[in-house]
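The values are calculated or read from the model by the stated rules, or taken from the named source; none is laboratory data. The structure displayed is predicted, hence computed values, not measured ones. Glycine also receives a Cβ, built like all others from the backbone with ideal geometry; neighbour counts cover every protein chain displayed. Accessible surface is based on the protein model in full, side chains and every heavy atom, while ligands, DNA and RNA are left aside. Shrake-Rupley method; radii C 1.70, N 1.55, O 1.52, S 1.80 Å.
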Amino acid sequence: MVLGRGHNLGMIWVDAFSSLSQEEQINRLQMLGERALLEWDISAERIEPLVHAENTTFHVFSPQGEFNLRISRPGYQSTSNIQSELAFLSALRQEGFRVPDPVQDRLVTASVPEVPEARDCVLFRWMNGEFRRENLSSDESRMVGAAMAQLHEFSARWNPPAGFDRQHNHEWAVQPRTPRPFDDPIEGIAEEDRLLLRNVHDESRELLRSLRETPETFGLIHADLHVGNLLFDDGQLNIIDFDDAGFAFLYYDFASSLAFQVSRPNFVEVRDALLAGYESVKSLPPHTESMVRPFLRMRLGGVATWILKRTDNPAFRETAPQWVRSFCDSIRKLDDYSY
């Protein structure tokens, strides 16, 4: 049963859960994860929290091996969305891509009284590798560009199974405009940053409405290829977290890979290496050079807005002003580069 706001039925209310501390939320979600593990017949010896953001993930140690348990945030992806993500991952693995391998290729929906809603869970076999918390090197960025091109090339020729259900990532631009957190002054957020986010949102809507969806510019992409989703493993690249994968303009993958690099001293070299790596596999989408900057603005503004909306997450409530300032500074920094 999925409970909405104002319903208890023996379980903690949604609003009460949102008011818990970061540690308390993670502890309660771990209880739900332990319940889900029973459905895969996994006996956990130790569970360590990894990330509590859009979804919540845990590193599971067991006699059957090591796993990454992902508990989805309710209201973000539907069950059919996640099942389609698993189908995409299965097809990619059959082609030799180094991507997550879900146990039994299925999801489990679990609930416990300590968490207000039932949650969809997926258990992935553990993938080794190292994250790059510092600057990407040019060689590493070239590797990412080549992998991105291979993903795009595969998606263009893959025939999804019947019922495949992944979101159109730019659909918000053609729908009626809905209220946004930056529409009015926000406590703790500089007015210049709020106005910048509003302007970026409006210009992004206009841009997306003007673009035509063609096989050369639009398709099924990862949509979140930043350094936190890339594992470098002895000269190989493992790509994780396909939770945002959907149908979008291919330019958005370039933006998601480069957004966190904008303020780095070697941004130009990393950007050029990414594009060169892509071109080593397939031709760049038409007009890529002119689209990098507006899609970077779109990506940076979109992530800042997402953080402002996540008032249910205590970490984001506390750090939103710093994150928003950082992303807005990166948007301004884009004016320093030539394209």
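Tabulated data
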| read-out | value |
| --- | --- |
| Qualifying position, being open to solvent by 40 Å² or more (accessible area, probe 1.4 Å) and at pLDDT 95 or above, among Asp120, Asp165 | Asp165 |
| Residue satisfying all of: in region 160-200; within 28 Å of Gln322 (Cβ to Cβ) and aromatic (Phe, Trp, Tyr); nearest to the chain's Cα centre (by Cα) among these | Trp172 |
| Residue check, Leu197 assigned to a helix (DSSP H, G or I), at pLDDT 95 or above and over 30 Å from Gly277 (Cβ atoms) | yes |
| Among the candidates Glu213, Glu153, Glu140, Glu203, residue that is under 23 Å from the mean Cα position of the chain (by Cα) and in a loop (DSSP other than H, G, I, E, B) | Glu213 |
| Residue under evaluation Met148, criteria (1) at pLDDT 95 or above; (2) surrounded by fewer than 19 Cβ atoms within 10 Å (Cβ to Cβ); (3) within 22 Å of Phe254 (Cβ to Cβ); (4) in contact with a Leu (Cβ under 7 Å, 6 or more places away or on another chain), criterion not met | (2) |
| Failed item in (1) over 30 Å from Arg28 (Cβ atoms); (2) part of a helix (DSSP H, G or I); (3) touching a helix residue (DSSP H, G or I) at 6+ places or on another chain (Cβ under 9 Å), with Leu284 passing the rest | (2) |
| Matching residues in region 26-49 - criterion: being among the aliphatic types (A, V, I, L, M), open to solvent by 30 Å² or more (accessible area, probe 1.4 Å) and either touching a Lys or Arg at 6+ places or on another chain (Cβ under 9 Å) or touching a residue at least 40 places away in the same chain (Cβ under 8 Å) (or both) | Met31 |
| Residue in region 68-79 that is on the phi < 0 side of the Ramachandran plot, assigned to a strand (DSSP E or B), open to solvent by 30 Å² or more (accessible area, probe 1.4 Å) and modelled with pLDDT of 95 or more present | yes |
| Conditions (1) surrounded by fewer than 17 Cβ atoms within 10 Å (Cβ to Cβ); (2) within 25 Å of Asn27 (Cβ to Cβ); (3) among the hydrophobic types (A, V, I, L, M, F, W, C); number of the one not met by Met127 | (2) |
| Checklist (1) closer than 24 Å to Val51 by Cα; (2) of a type in the set (Asp, Glu); (3) open to solvent by 10 Å² or more (accessible area, probe 1.4 Å) applied to Asp243, failing item | (3) |
| Condition met for Glu279 (closer than 18 Å to Leu151 by Cβ, touching a residue at least 60 places away in the same chain (Cβ under 8 Å) and either open to solvent by 50 Å² or more (accessible area, probe 1.4 Å) or touching a Pro at 6+ places or on another chain (Cβ under 8 Å) (or both)) | yes |
| Residue ID - surrounded by the most Cβ atoms within 10 Å (Cβ to Cβ), chosen from residues in region 305-339 that are in contact with a Leu (Cβ under 8 Å, 6 or more places away or on another chain) and closer than 23 Å to Val268 by Cβ | Phe327 |
| Unique match (being in a loop (DSSP other than H, G, I, E, B) and among the small types (Gly, Ala, Ser)) among Gly96, Gly145 | Gly96 |
| Checking Val115 against (1) out of contact with any helix residue (DSSP H, G or I) (no Cβ under 6 Å at 6 or more places or on another chain); (2) crowded, with 18+ Cβ neighbours inside 10 Å, the condition it does not meet | (1) |
| Any hit, region 218-236, residues being farther than 23 Å from Asp139 by Cβ, in a loop (DSSP other than H, G, I, E, B), open to solvent by 30 Å² or more (accessible area, probe 1.4 Å) and at pLDDT 95 or above | no |
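Matching residues to (1) among the charged types (D, E, K, R); (2) in a loop (DSSP other than H, G, I, E, B); (3) in contact with a Ser or Thr (Cβ under 6 Å, 6 or more places away or on another chain); (4) free of Cβ contacts under 8 Å to residues at least 60 places away in the same chain:
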position	(1), (2), (3), (4)
Ala273	no, no, yes, no
Pro294	no, no, no, no
Pro321	no, no, no, no
Asp329	yes, no, no, no
